[in-house]
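Written below as structure tokens is the structure these notes are about.
The values are calculated or read from the model by the stated rules, or taken from the named source; none is laboratory data. What you are looking at is a predicted structure, and each value in this text was computed from that prediction instead of being measured. With ideal geometry, Cβ positions are generated from the backbone for all residues, glycine too; neighbour counts draw on all protein chains shown. Surface areas here come from the heavy atoms of the whole protein model, side chains and all, with no ligands, DNA or RNA. Shrake-Rupley method; radii C 1.70, N 1.55, O 1.52, S 1.80 Å.
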Amino acid sequence: MSVISLFDELDLPLSQPDLPLSRPRPAAAPRDSGLRARVRMGWRIARLATHLAGGCSRVALLYPLVSERTQRKMRARWSRQLLAVLGVELQARGPLPRPGQLLVSNHISWVDVFVINAISPLSFVCKDDVRGWPVIGWLVARNHTVFIRRASRSSAAEVRDRLVASLSCGRSVMVFPEGTTSDGRNVLPFRAALFQAAIDAGRAVKPVRLRYTDHRGEHSDAAPYIDDTSFWQSICMLARAPRTVARVELLPAVPTHGLTRQTLAEVTHGLVSRTDRS
């Protein structure tokens with residue numbers, strides 16, 4: 001079952017590749033009152049708790065009984081519902097990833113994983129810290145996530161070997177080569193190490209560009225998970241925001257034949273960091 005045919009079966013509400021990513025917006029509404037924002041946040045967090053509980057139950061009870069294909073469909077549907085609960089609208093364009101590609105993207109928020117899973121469920125490489133996050137960490141660990149220990153050369157080598165095996169058997173994997181999150185205004189330099197997995201497996205690298213905007217169509221300050229912001233504070237900021245739009249551009253794949261990992265890192269970084277965003 002290819003990723004593309006799976007995507008078609010899920011009937012995901014994506015914008016067409018030839019349509020502009022942004023739409024004309026009505027005039028900005030007056031700033032929400034503090035009371036309205038607090039009520040919105042409380043309602044969304046209550047729904048989020050229910051949604052997380054349901055996700056844990058599905059993973060614990062249903063995952064062992066169904067095929068990996070069905071797990072992917074469940075993961076995509078659950079991720080779309082999670083975004084809706086948090087008030088995040090998904091807009092995407094560009095060619096979908098083919099089986100066995102290494103996807104590389106800029107990294108803005110913990111929500112990035114669920115944004116991509118809502119479009120095309122695949123495996124991710126995450127820092128080991130995520131495993132300890134309440135509930136979310138448990139769910140992520142049971143959805144084909146590869147964890148990497150920062151500043152550990154042996155861990156990086158193990159992860160690379162696992163990526164080569166996954167890519168070689170046609171399973172797509174996504175990495176965030178910046179190594180950390182940013183506010184989304186600029187793209188940090190890409191670290192080259194994990195690009196070697198695509199070279200060793202003889203698979204293409206597919207760049208992905210992420211951006212979050214607010215209800216006025218401007219850069220979102222609620223989405224970035226950066227600096228000293230705690231996980232709980234990040235959830236509250238998203239839940240409090242009137243509307244957040246996750247904009248995803250799936251860029252054409254870059255063949256790896258004859259390229260070094262450093263060259264791949266530089267080329268894909270240039271594609272993802274281009275400033276002519278619509």
query = With L194, L122, L139 as the choices, which residue is among the aliphatic types (A, V, I, L, M), touching a strand residue (DSSP E or B) at 6+ places or on another chain (Cβ under 8 Å) and farther than 20 Å from Q262 by Cβ?
reply = L122
message = Given the criterion closer than 16 Å to A118 by Cα, in contact with a Gly (Cβ under 9 Å, 6 or more places away or on another chain) and either at pLDDT 90 or above or acidic (D, E) (or both), identify the matching residue among L82, L86.
response = L82
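Return the total of residues in segment 254-266 being assigned to a strand (DSSP E or B) and either closer than 21 Å to N117 by Cα or open to solvent by 90 Å² or more (accessible area, probe 1.4 Å) (or both).
Our first condition is that a residue be assigned to a strand (DSSP E or B); within segment 254-266, this holds for 254.
Subsequent filtering for residues that are either closer than 21 Å to N117 by Cα or open to solvent by 90 Å² or more (accessible area, probe 1.4 Å) (or both) retains none.
Total meeting the criteria: 0.
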ask   = Restricting attention to segment 43-62, which residues are open to solvent by 50 Å² or more (accessible area, probe 1.4 Å) and either under 18 Å from G137 (Cα atoms) or in contact (Cβ under 8 Å) with a residue 12 or more places away in the chain (or both)?
value = R47, A49, T50, A53, S57, R58, A60, L61, L62
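From the list R160, R185, R171, R191, exactly one residue is without any contact (Cβ under 8 Å) to a residue 60 or more places away in the chain, in a loop (DSSP other than H, G, I, E, B) and either under 27 Å from D221 (Cα atoms) or open to solvent by 30 Å² or more (accessible area, probe 1.4 Å) (or both). Which is it? Talk me through it step by step, then tell me what you get.
On the way: R160 fails: in a loop (DSSP other than H, G, I, E, B); R171 fails: without any contact (Cβ under 8 Å) to a residue 60 or more places away in the chain; R191 fails: without any contact (Cβ under 8 Å) to a residue 60 or more places away in the chain.
Exactly one of R160, R185, R171, R191 is without any contact (Cβ under 8 Å) to a residue 60 or more places away in the chain, in a loop (DSSP other than H, G, I, E, B) and either under 27 Å from D221 (Cα atoms) or open to solvent by 30 Å² or more (accessible area, probe 1.4 Å) (or both), namely R185.
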task = Would you please list the contacts, defined by Cβ atoms under 8 Å and residues six or more apart or on different chains, that run from a residue in segment 63-75 that is under 17 Å from H51 (Cα atoms) to a residue that is part of a helix (DSSP H, G or I) and open to solvent by 50 Å² or more (accessible area, probe 1.4 Å)?
result = K73/E9; M74/R58
note = The lone condition V104 fails out of (1) within 14 Å of L210 (Cβ to Cβ); (2) open to solvent by 20 Å² or more (accessible area, probe 1.4 Å) is (2)
message = Take the residues in segment 212-253 that are assigned to a loop (DSSP other than H, G, I, E, B) and within 15 Å of the chain's Cα centre (by Cα); name whichever of them is nearest to W43 (Cα to Cα).
response = A223
